[in-house]
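Undergrad: After the structure tokens below, expect a handful of questions from me.
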Amino acid sequence: MTIAQARSLYAIEAQPETSDDWTLLNLHPIKVGNIEMGVQVGAKHGSEKITLVRLWSFFGLPSSPPLAGPQDFDTLKATLTRQYGAPGSEETKRGENFRLLKNVLWTFPSTSIVLSLEQSASLPNLGNIFLEYTATEPNHQ
């Protein structure tokens, strides 16, 4: 599917944005189970074909859904594990400004999936979750 097709199919009035090496289009929010998430699709510059789907959820902000929280990361991880099996790697570390960072990666021949949590250590109910599906580039040897 292309950016133009997604824009038409989902009746998006806004124009795509360009960022770094990507053309990005924000779609309408969706629910993954009970978790409300923003949606963005992307195509590499020079191509219209969508090769990135990014979902996100912020928690602890006045604009966040009322029940959104860090537990949504565990719910999404469990859902993805049921769907795709055990992740290929998991990493937890402390970032700058005392942030907790968790990354979980699933890798397949044509796609990689990264689930990330960034959470404040001093305010554990403040943070964000990102879920990215990215098409892997074929090896040209």
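Undergrad: Could you size up the charge dipole of the chain around its Cα centre, putting +1 on the beta carbon of Lys and Arg and -1 on that of Asp and Glu, and report it in debye to the nearest 20?
TA: Once rounded to the nearest 20, the dipole reads 260 debye.
Undergrad: Using r as the Cβ-Cβ distance of residue 11 and residue 96, and R0 as 41 Å, what FRET efficiency do you calculate, to the nearest 0.05?
TA: Efficiency for this residue pair is about 0.55.
Undergrad: Next up: In the chain, with Lys and Arg counted as +1 and Asp and Glu as -1 at Cβ, which of these residues, 131, 22, 85, has the Cα nearest the positive end of the dipole, that is, farthest along it?
TA: Going by the charge dipole, the pick is 85.
Undergrad: Okay, next question. Give the Cα extents of region 3-135 along the principal axes, in whole Å, largest first.
TA: If we take the Cα atoms of region 3-135, the spans are 41, 37, 30 Å.
Undergrad: Something else about it: For the chain, what does the helix formula give at 222 nm: sum of -39500 (n - 2.57) over DSSP H segments with n ≥ 4, over the residue count, nearest 500 deg cm²/dmol?
TA: Rounded to the nearest 500, the figure is -4500 deg cm²/dmol.
Undergrad: Something else now. Please identify, among 67, 27, 101, the residue showing maximal mean-square fluctuation in a Gaussian network model of the chain using a 10 angstrom Cα cutoff.
TA: Sorting by GNM fluctuation, first place goes to 67.
Undergrad: I need the calculated FRET efficiency for the pair residue 125 and residue 84, taking r as the beta carbon distance and R₀ as 41 Å, to the nearest 0.05.
TA: With a Förster radius of 41 Å, E is 0.90.
Undergrad: Related question: Give me, ordered by chain and number, the residues 5 or more places off residue 51 or on other chains with an amide H under 5 Å from its own placed amide H.
TA: Amide H to amide H, under 5 Å and 5 or more residues apart or across chains, residue 51 pairs with 42, 43, 44.
Undergrad: Still on this model: Taking every DSSP beta bridge that has both residues in region 3-135, what percent is antiparallel when rounded to the nearest 5?
TA: Among the beta bridges of region 3-135, antiparallel pairing accounts for roughly 100 percent.
Undergrad: Here is a further query. Can you compute 3J(HN,Hα) from phi for each residue in region 76-88, using the Karplus curve 6.51 cos²θ - 1.76 cosθ + 1.60 with θ = phi - 60°, rounded to whole Hz and x for Gly and Pro?
TA: 3J(HN,Hα) across region 76-88, in whole Hz: 5, 4, 5, 5, 5, 5, 4, 6, 10, x, 4, x, x.
Undergrad: Relative contact order for the chain: what is it in percent, counting Cα pairs under 8 Å that are at least 6 residues apart?
TA: 18 percent.
Undergrad: Continuing with this model, one more query. Bins of 10 Å, beginning at zero and ending with the bin holding the largest distance: percent of Cα pairs per bin for region 12-86, please.
TA: Percent of Cα pairs in each bin: 18, 38, 33, 12.
Laboratory data are not the source of any read-out in this text; all were calculated from the coordinates shown. Just so it is clear, the structure is predicted and the values come from calculations on it, not from any experiment. Here the Cβ is made from the backbone with ideal geometry for all residues, glycine too, and neighbour counts use every protein chain on show.
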